[in-house]
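Each remark here refers to the structure printed beneath this line.
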Amino acid sequence: MQDAKDPAYGFYSAAGATRYAESQITEYVDGGWTLTGEDRYYKAETDPVGEGQKAKSVLVTFCEDQSRAYGKEVKTGKVHRTEESLASYQKFSLLMAPQQDSPVWRAQQITVEGKAAECRG
């Protein structure tokens, strides 16, 4: 069962990141879609945000290759295959911050760059 209000993603996200995750899930649920195939993530990098040891956040960037991930209709099971193209590649930037009195870091903000040429190849 798909649930746009599932608390799992909310545990690891806050603010704009939570809104982004909920909107993505809602779009799939309302459209009657799920994903199938292979969704690959790579080229992960981290950079502290702030001055020296006072940095309290980390920017995490990574690429996504969706060239072998396809939309699937939940009701019929029909898979909608697409050809690999520049649109198959995205670059994510997540601003991660620790939570007060907790070992858990949460995504505060997510930026997604579509058609990311630097992620292709």
Using a 1.4 angstrom probe, figure out how much accessible area the chain has per residue, in square angstrom, rounded to the nearest whole.
69 Å²
Nearest 10, in degrees from 0 to 90: the angle of helix 15-31 to the longest Cα principal axis of the chain is 10 degrees
Quick check: pseudo-label points 7 Å beyond the Cα along Cα→Cβ at Trp105 and Tyr12, how many nm apart are they?
1.2 nm
Where in the stretch 18-58 are there trypsin sites (Lys or Arg not before Pro) that are in a DSSP coil and have at most 15 other Cβ atoms within 10 angstrom of their Cβ?
Lys56
Kindly report, to the nearest 10 Å², the accessible surface of Ser85 as traced by a 1.4 Å probe over protein heavy atoms only.
40 Å²
Using θ = phi - 60° and the Karplus form 6.51 cos²θ - 1.76 cosθ + 1.60, what ³J(HN,Hα) does each residue of the stretch 77-89 get, whole Hz, x for Gly and Pro?
x, 5, 9, 9, 7, 10, 7, 5, 7, 4, 5, 6, 10
Give the relative contact order (percent, whole number) for the stretch 64-121; include only Cα pairs under 8 Å separated by 6+ residues.
34 percent
Based on the Kirkwood radius over alpha-carbon pairs, what is the Stokes-Einstein translational diffusion coefficient of the chain at 25 °C with 0.890 mPa s viscosity, in µm²/s?
153 µm²/s
Which ³J(HN,Hα) values in Hz, rounded to whole numbers, follow from the phi angles of the stretch 104-121 under the Karplus curve 6.51 cos²θ - 1.76 cosθ + 1.60, where θ = phi - 60° and Gly and Pro get x?
7, 9, 10, 6, 9, 9, 10, 10, 10, 9, x, 6, 7, 4, 5, 9, 7, x
So who's got an amide H within less than 5 Å of the one on Val74, skipping anything under 5 residues away but keeping other chains? H placed 1.01 Å off N, in plane.
Trp33, Thr34
Proximal lysine pairs in the chain, meaning Cα under 22 Å and 8 or more positions apart or interchain, come to 6
Using a Förster distance of 35 angstrom, determine the FRET efficiency expected from the C-beta separation of Lys78 and Glu118, and round it to 0.05.
0.60
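The values are calculated or read from the model by the stated rules, or taken from the named source; none is laboratory data. The structure presented is a predicted model; accordingly, all values stated were derived computationally and were not measured. Please note: Cβ atoms are built from the backbone with ideal geometry, for glycine as well, and neighbour counts cover all protein chains shown. Side chains are part of the model used for accessible areas, which takes the heavy atoms of the whole protein and leaves out ligands, DNA and RNA. Shrake-Rupley method; radii C 1.70, N 1.55, O 1.52, S 1.80 Å.
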